[in-house]
Each structure stands twice: as structure tokens, then as C-alpha cells.
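In what follows, a single structure is set out as C-alpha cells and then discussed.
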Amino acid sequence: MVCGKSVFLGIMGIGGQEMLLIVLACLLLFGGKKIPELMRGLGRGVREFKRGQEEEPQPDEEESQTDEDKTHSERPT
């Protein structure tokens, strides 16, 4: 059985040396303290996105108010 990561990296054409180079470049650009904060924020964003997909879409208050305003202005008096 083939590991999912190796198949993904094979499709992308990225080998081990390229991944190491990317990780080192990120470490140099952002520093060791900033990377965990960035990953934490990314994880929260992904979690919020998944939570938003699971919930039923609810109309925003602003959208419902503007829709009501449009219907009131379109009706003849």
C-alpha cells in the first residue's frame, strides 16, 4: 500500500530535498516563534471553514434588512 503523502508529493513533483528547502526558507523568513502562531491561525481558519460547511446557511441580518427595504420600495403605494 502506498502512503498518501508520498503519492501527493509525487504528483506535485516535490521531493524530500525540495520540501526541506521550503521549510528552511519559511524558518528564515518568519522565524521560529512566528511559525507556530501562523499554523495555529491556519488551523483555526480551517476549523471555522469546516464548521461553516456543516451548518445550514442562515441569512445575514444585513441581507434580510436590505431585502425587506427593496420589497418595500418596489411595492406601489
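The values are calculated or read from the model by the stated rules, or taken from the named source; none is laboratory data. Keep in mind the model is a prediction, meaning the values are calculated, not measured.
What the table shows:
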| quantity | calculated |
| --- | --- |
| Scope the range 1-37; condition of a type in the set (Lys, Arg) and at pLDDT below 80; matching residues | Lys5 |
| Residue within the range 59-74 that is under 24 Å from the mean Cα position of the chain (by Cα), at pLDDT below 85 and not in a helix (DSSP H, G or I) present | yes |
